[in-house]
Amino acid sequence: MFNKIFKFLLKLLNITGDCVPVNNQISYTINKGDNSKDNDKLLENAAEIACEIWNEHVTPQQPIELQLKGGYILENTAGRAYQDGNGGCQVIDRSWQVEVNTAYIEQYAKDKNNIVAIVMHEIGHALGIGSDQWRNLFDKNGVIKEKYAEKYPVLKGKELGHDGDHWREKGKLLSEFGEEGHCISPETIAVMELFGHQVRKVPSQRVHVEQLVSQVSVSA
Ligand SMILES: [Zn+2]
């Protein structure tokens, strides 16, 4: 009995730290990586903007917390997102490790929108692009299944990229082709709804990162 009361009190105080649902938003924490302080600042600023852009468009099924850090990762890789939790607890489930290549941060430091785009791209993966659920949207030829195209005509004929984790077509946020993919597209938002996330805003056409950044309240 005492145990129950104690647990209840802890819950009330919200200090149990385990599996307490919070607002279903995308948030971030900056962790220590190989970054210099200046790069960490750039990353933090980019993360704040990227989270705000996504939060404006979707409310995820469960909160997503990015554990961001800069690092010297694989050559030609701007960033990567992965989960190393075992699941079972929402606190673990919602936590995503996101590494942004320090070399790219340095290279892109002059154009902060590029760093925002990298973080936005990685958030797309944390939201489900590249997951089994994502691959299941496509038939064996890599084309979106008819039942989904019927529900979301904007998805008709869209193809899975060669690597399976991205769109094949240029101009999607999660396309395989670099910079032209830096945008939020109606297709990507339709997929978010298929994943079960709550959609808050659907763009009528692709909105590029520069424009998305110019619309948020945080400044780059
Ligand atoms: Zn990717």
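Straightening the chain between VAL218 and GLN67 buys 52.4 nm, computed as 0.36 nm per residue apart minus the Cα-Cα spacing.
So, R0 is 25 Å and r is the distance between the beta-carbons of ASN23 and GLN133; what FRET efficiency does that work out to, to 0.05?
Numbers: r = 23 Å, r/R0 = 0.92.
Plugging the Cβ-Cβ distance into 1/(1 + (r/R0)^6) gives 0.65.
The distance between label points at GLU56 and GLN107 comes to 2.8 nm (points 7 Å beyond Cα on the Cα→Cβ vector). For the set LYS69/LYS156; LYS112/LYS145; LYS147/LYS201; LYS156/LYS201, the pairs lying more than 26 angstrom apart at their alpha carbons are LYS69/LYS156; LYS112/LYS145. Here the spin labels are modelled as points 7 Å beyond Cα on the Cα-Cβ line, and at GLU146 and GLN198 they lie 3.5 nm apart.
Counting neighbouring beta carbons within 10 Å and listing from fewest to most, the residues VAL216, VAL58 come out as VAL216, VAL58.
Taken together, the values in this text are just the output of simple stated rules run on the coordinates, not laboratory data. Bear in mind that the values here come from a model prediction, so they are computed numbers and not experimental data. Glycine gets a Cβ as well: all are built from the backbone with ideal geometry, and neighbour counts include every protein chain shown.
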